[in-house]
Every structure is written in C-alpha cells, then in structure tokens.
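Asks: Right, I'll just put the structure down here and ask away after.
None of the figures in this text is laboratory data; all of them are computed from the coordinates on show. For clarity, every value in this text was computed on a predicted model and none was experimentally measured. Neighbour counts run over all protein chains shown; Cβ positions are idealised from the backbone, glycine included.
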Amino acid sequence: MRITPKVWIGLAFFAGYALLVLGIQLISGIPYGEWGDSAGNLFRGAVLSLVIATVLLVAAVTWFGWWGPVLRERTPSRHRWPVIVPLLLGAIAMVGLFSADWGAVSGAFLFAALGLCLVGFTEEVVTRGVLLVALRTRFAEVWVWLISTALFALMHLANVALGQAVGGTLQQVLAAFATGTAFYILRRISGSLIPAMLLHALWDFDLFVLGNGSPGAGAGVAQGFYLPVALLALISVAFVIRNADERIAPVRQPHRLQNGTS
C-alpha cells in the first residue's frame, strides 16, 4: 500500500465524498423529492454526482494502493447462516421489480435509473471499503461495523439539505443503518465487497423504479417483510463479527543500523 491506512484518512475520505456529492446535487437545483419525476431530473440530481465521484474514487483508491483490503476479507465469517438477511433483502427488491408498473417507466428514465446503480459502487467503496479498512487499523471489529454503518446511515441526513422532510429523512437514516448492516454481513460472509455493491445497487434501483406509476400489490406485501428482515440483520450481525480476524496492523519502517543496513 502506497499510503498507510489510518483512521483519520478514512474519516477524511468519507467526509470528502459526502461533501462532493452533496455539493454537486445542490448545484443541480433539483430537490430530492423531484428526482424521480423525469429522467433529466434523476440524471442531473443524482447520477451526475455519482459519475464524477466514481472517477475520483477509482483514482484515489488506486493511488492509495488499497484495492486489496477494500475489496476482500482476509478471513470470511465461519457463520454462514446470516446470509439469509441479504438474500431476503434481495428477494424483497426482486418482488418489487416484478410488481413495478413498467408501462410508466420511460426508456430514458430506465437508463438514468441504471446510472443510479453507481451508488452501489461509490457508497460501498467509501463506507464498507475505505472507511472500514481505516477503522480496522485501530478498532475491534464490533466498532468497525458500528461506526462504518452509523456513518453510512447518517450520510443520508444530507437529503434534508436537498429538500426532503426531516421526519422522512430520519426514517431513511434508520432504514439505512439496517440495510447497511445487511451489506456488511454480505461482505463478511462472501469475503468480498462486490456482492454488497450489487445488492446495494439493486435495492436503490428498485426504490426509484417503484416510484413510477402504480406498482402491483406484490411490492407492498414484500415491503411488509422489511422490518423483520431489518431486525434479523441487527441480531445476526453479532455472529459474523464473532472471531473476526481483520485487524490491519500498522506498517512499520524497518530499523536501520548506523551503517545504513536494515
């Protein structure tokens, strides 16, 4: 790694990403509640900021030399059964997509919504990637999960600045903590961040597609299972944290003797 992971670097990386995306979205002038009104609104309000963030993230993580620990666990969880949580979350999203009113989704909006899937890459790389790696240099795994997931959830408070009601935003923050826990579980069990990226992208894509037209009853039924799945995530996360061996030791420079050799 070209840059030694440290907690302050992870926090600065997180803050820089959040401010960059929020700044671009504010400049667009499109309130959060109007993103789903048209393909143009969705692209200018959300997708453009994600495209720019993606380019900068790839460049920064490559320069840091962190892709290895960002994308992979050293020792995946021995407890496999909690994978039911992300699987159920994916099932809820898939039922929603099958129940969507596709006749109300224009081709342009669908293209923009697919661009929104970049959120699965950007937010996972920042929170359950770079930030997680940085936190693992100092904290036990339970704190790594709690801090990274809490910051991921709190990042959604920015939607208040974009015009979303405070009450709705607080509900979104709580939901983001639960879904973020599911993404963390998936990383720990699969040993890779990539499945979490894909599930995150699917989840957000489903939410925006369902905002068009009149979805079928199946979508509402599936969403009714969200609360028990969220509770199961908060219970089962303890099992994937248990015996985690992901602590990143600080890199020490070799001791040099007076003659200049190590």
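Asks: Which ³J(HN,Hα) values in Hz, rounded to whole numbers, follow from the phi angles of the range 230-244 under the Karplus curve 6.51 cos²θ - 1.76 cosθ + 1.60, where θ = phi - 60° and Gly and Pro get x?
Replies: Couplings: 4, 5, 4, 4, 5, 7, 6, 4, 4, 6, 7, 7, 4, 6, 5 Hz.
Asks: Next question. Evaluate the charge dipole of the chain about its Cα centre and quote only its size in Debye, nearest 20, assuming +1 on the Cβ of each Lys and Arg and -1 on the Cβ of each Asp and Glu.
Replies: Values: 16 positive and 11 negative charges, 269 e Å.
That gives a dipole near 1300 debye.
Asks: Still on this structure, I have one more. Measure nothing fancy, just the Cα-based angle from helix 84-99's long axis to the longest principal axis of the chain, in degrees from 0 to 90, nearest 10.
Replies: Taking Cα atoms only, the helix is inclined about 30 degrees.
Asks: Show the residues, 5+ positions off or on another chain, whose built amide H is closer than 5 Å to the amide H of SER192.
Replies: Excluding prolines and chain starts, which carry no amide H, the hits are GLU73.
Asks: Still on this structure, I have one more. In whole Hz, with x marking every Gly and Pro, tabulate ³J(HN,Hα) for the range 132-149 from phi via Karplus 6.51 cos²θ - 1.76 cosθ + 1.60, θ = phi - 60°.
Replies: With the stated coefficients, the range 132-149 comes to 4, 4, 5, 5, 5, 7, 9, 10, 5, 4, 4, 6, 4, 4, 5, 5, 5, 6 Hz.
Asks: Highest GNM mean-square fluctuation, the chain, Cα pairs closer than 10 Å: which of PRO195, PRO69, PRO228?
Replies: Comparing PRO195, PRO69, PRO228 in a Gaussian network model of the chain, the most mobile one is PRO228.
Asks: Apply the Karplus parameterisation 6.51 cos²θ - 1.76 cosθ + 1.60, with θ equal to phi minus 60°, to every residue of the range 161-167 and state each ³J(HN,Hα) to the nearest whole Hz, in sequence, with x for glycine and proline.
Replies: Ordered by residue, 3J(HN,Hα) equals 5, 8, x, 7, 4, 4, x Hz.
Asks: Right, another one. So what's the angle, to the nearest 10 degrees on a 0 to 90 scale, between helix 194-209 and the longest Cα principal axis of the chain?
Replies: Rounded to the nearest ten degrees, it is 20.
Asks: Which number do you get for Rg(Cα) / (2.2 N^0.38 Å) in the chain?
Replies: 1.07
Asks: Separate question: How high is the relative contact order of the chain? Use alpha-carbon pairs under 8 Å, at least six apart in sequence, and give a whole percent. Write out the running numbers ahead of the final one.
Replies: Details: 368 pairs, mean separation 85.3, N = 262.
Answer for the chain is 33 percent.
Asks: Below 13 angstrom from the Cβ of ARG138, what's the summed charge of the other residues (Lys, Arg +1; Asp, Glu -1)? List each step's numbers first, then the result.
Replies: Details: positive: LYS6, ARG136, ARG247; negative: GLU141, GLU246.
So the surrounding residues net to +1.
Asks: Can you give the angle from 0 to 90° between the axis of helix 107-116 and the longest principal axis of the chain, with both taken from C-alpha atoms, to the nearest 10?
Replies: Roughly 30 degrees between the two axes.
Asks: Which one of ALA230, VAL83, LEU118 has its Cα pushed farthest toward the positive end of the charge dipole of the chain, where Lys and Arg give +1 and Asp and Glu give -1 at the Cβ?
Replies: VAL83
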